[in-house]
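The values are calculated or read from the model by the stated rules, or taken from the named source; none is laboratory data. In this text, all values refer to a predicted model and were calculated from it rather than measured experimentally. FYI the Cβ positions are ideal-geometry reconstructions off the backbone, even for glycines, and counts take in every protein chain you see. SASA here: full protein model, heavy atoms, side chains in, ligands and nucleic acids out. Shrake-Rupley method; radii C 1.70, N 1.55, O 1.52, S 1.80 Å.
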Amino acid sequence: MMPEPLAPNNSPPWSRTTKTIVVVATLLLAAILIMRFRTLIAMLVMAAILAYLLDPLISFIDRRTSIRRGVIIAVVYILLAAALVGGFFALGVASYQQALNLIAEAPSLVENLARTIAALVNRTEPLSFGPISIDPSTVAWDRLPEQLLGLVEPLITQSGGFLSRFATSTVRTVFNVLFIFVLSIYLATDLPRLGGYVKSFAQRPGYRADAEQLLPRLRYVWSAYLRGQIVLSLVIFLTVWIGLTALGVQNSLALGLLAGLLEFLPNLGPVISAIVTVLVAFFQPGNYLGLASWQYALVVLALMAIIQQLENHLLVPRIVGRALDLHPIIVIVGLFVGASLAGILGAILAAPLIASLKLLSTYAWRKLFDLPPFPEEGPLDDPPPHAFHPE
């Protein structure tokens with residue numbers, strides 16, 4: 001039976017007002033759905049990131065073996081789950097113990113702080129700060145430790161409650177991780193076909209060539225940032241841990257782990273980890289180098305500064321490259337905006353999202369003024385030579 005011929009398209013075109021109403025209503029509905037299901041969306045985003053990070057390894061094995069892609073995905077995810085469980089258990093036990101030690105040592109650290117302050121200002125002549133003059137002899141230094149302990153004691157109590165709540169939420173976290181793994185497995189299965197979907201969708205209105213130019217650039221931004229940040233985090237974690245251990249800084253493992261995690265906050269994270277590390281070193285009761293507290297803190301600060309400089313001038317150009325090409329102020333502001341909108345996940349993904357928006361905005365801007373959307377020169381077309389190679 002012959003198929004019936006298609007009827008001519010008599011559907012009237014939408015006016016500009018109708019198109020505007022449809023676009024605005026769609027954006028409002030999308031914003032409402034995002035706010036309503038932001039927890040689920042956050043897990044979906046983490047699943048997509050995990051699938052994207054593992055895709056090069058899965059594709060590498062798939063191209064060089066006759067094993068089905070589904071079997072490769074299952075084996076890779078099982079090995080990853082085993083490695084994560086073992087690694088987090090080992091690091092978690094050690095970091096948990098060091099955190100408890102740090103909390104237990106808080107009173108002695110406060111007393112050391114009080115004695116340090118008293119030693120610095122315990123003099124006969126008054127201290128002058130412009131028109132203000134303070135006589136140290138009138139300050140009750142003997143009561144300072146008690147007052148400081150009164151301020152710190154609630155924090156210590158709350159930190160114990162925090163650790164307790166953290167332990168009780170382990171089951172929920174495990175279920176969330178399992179859910180993310182299941183979603184990621186499905187996404188990893190369909191990831192090779194994702195680019196084809198986008199290009200097929202863009203071909204109908206005639207934008208396939210633009211999609212073929214934009215997709216590799218977007219892929220380069222996310223690939224260089226996500227995989228680069230993971231490598232940087234591991235390198236900084238090991239470097240800070242080993243360096244602080246060599247200097248005899250207490251809780252070096254926890255501080256190294258903190259420095260590695262904060263690497264996912266560009267520009268701001270390393271500064272925070274350095275401040276925390278220097279404070280811990282300054283209030284440490286003693287050190288095997290026999291240095292004063294402020295001297296020891298300066299040595300630790302010098303170590304963190306050297307690590308930061310080596311990272312900026314040696315590691316970042318080689319690992320991350322110029323994927324973001326953003327001013328540091330824009331990155332820092334984006335971190336705060338992302339954190340306010342989507343918590344820690346928003347802060348972590350703020351930088352690549354801004355870089356992607358910059359890329360798309362540049363494309364739209366040039367299209368609005370009838371300019372070539374992809375100029376021959378400039379940072380938009382200047383990734384490393386391997387950036388556009390299919391994975």
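Summary table below
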{"read-out": "Members of the stretch 24-38 found to be free of Cβ contacts under 8 Å to residues at least 12 places away in the same chain and either surrounded by 11 or more Cβ atoms within 10 Å (Cβ to Cβ) or among the polar types (S, T, N, Q) (or both), listed by number", "value": "Thr26, Leu33, Ile34, Phe37"}
{"read-out": "Condition check for Val278: surrounded by 19 or more Cβ atoms within 10 Å (Cβ to Cβ) and of a type in the set (Val, Ile, Thr)", "value": "yes"}
{"read-out": "Residue check, Ser66 touching a residue at least 12 places away in the same chain (Cβ under 8 Å) and of a type in the set (S, T, N, Q)", "value": "no"}
{"read-out": "Near pairs, Cβ below 8 angstrom, 6+ apart or cross-chain, from the stretch 75-86 (within 12 Å of Ile58 (Cα to Cα) and in contact (Cβ under 8 Å) with a residue 12 or more places away in the chain) to any residue that is open to solvent by less than 70 Å² (accessible area, probe 1.4 Å) and among the β-branched types (Val, Ile, Thr)", "value": "Val76/Ile58; Val76/Ile61; Tyr77/Ile185"}
{"read-out": "Residue among Tyr96, Tyr52 that alone is at pLDDT below 85, within 29 Å of Phe237 (Cα to Cα) and open to solvent by 100 Å² or more (accessible area, probe 1.4 Å)", "value": "Tyr96"}
{"read-out": "In the stretch 295-328, the residues that are more than 23 Å from Val276 (Cβ to Cβ) and either assigned to a helix (DSSP H, G or I) or touching a Gly at 6+ places or on another chain (Cβ under 6 Å) (or both)", "value": "His313, Leu314, Pro317, Arg318, Ile319, Val320"}
{"read-out": "Count - residues of the stretch 296-312 that are over 19 Å from Leu262 (Cβ atoms) and either open to solvent by 70 Å² or more (accessible area, probe 1.4 Å) or in contact with a strand residue (DSSP E or B) (Cβ under 8 Å, 6 or more places away or on another chain) (or both)", "value": "1"}
{"read-out": "Any hit, the stretch 216-224, residues being part of a helix (DSSP H, G or I), polar (S, T, N, Q) and more than 18 Å from His313 (Cα to Cα)", "value": "yes"}
{"read-out": "Only listed residue being of a type in the set (Val, Ile, Thr), open to solvent by less than 50 Å² (accessible area, probe 1.4 Å) and at pLDDT 65 or above, chosen from Ile41, Ile78, Ile21, Ile58", "value": "Ile58"}
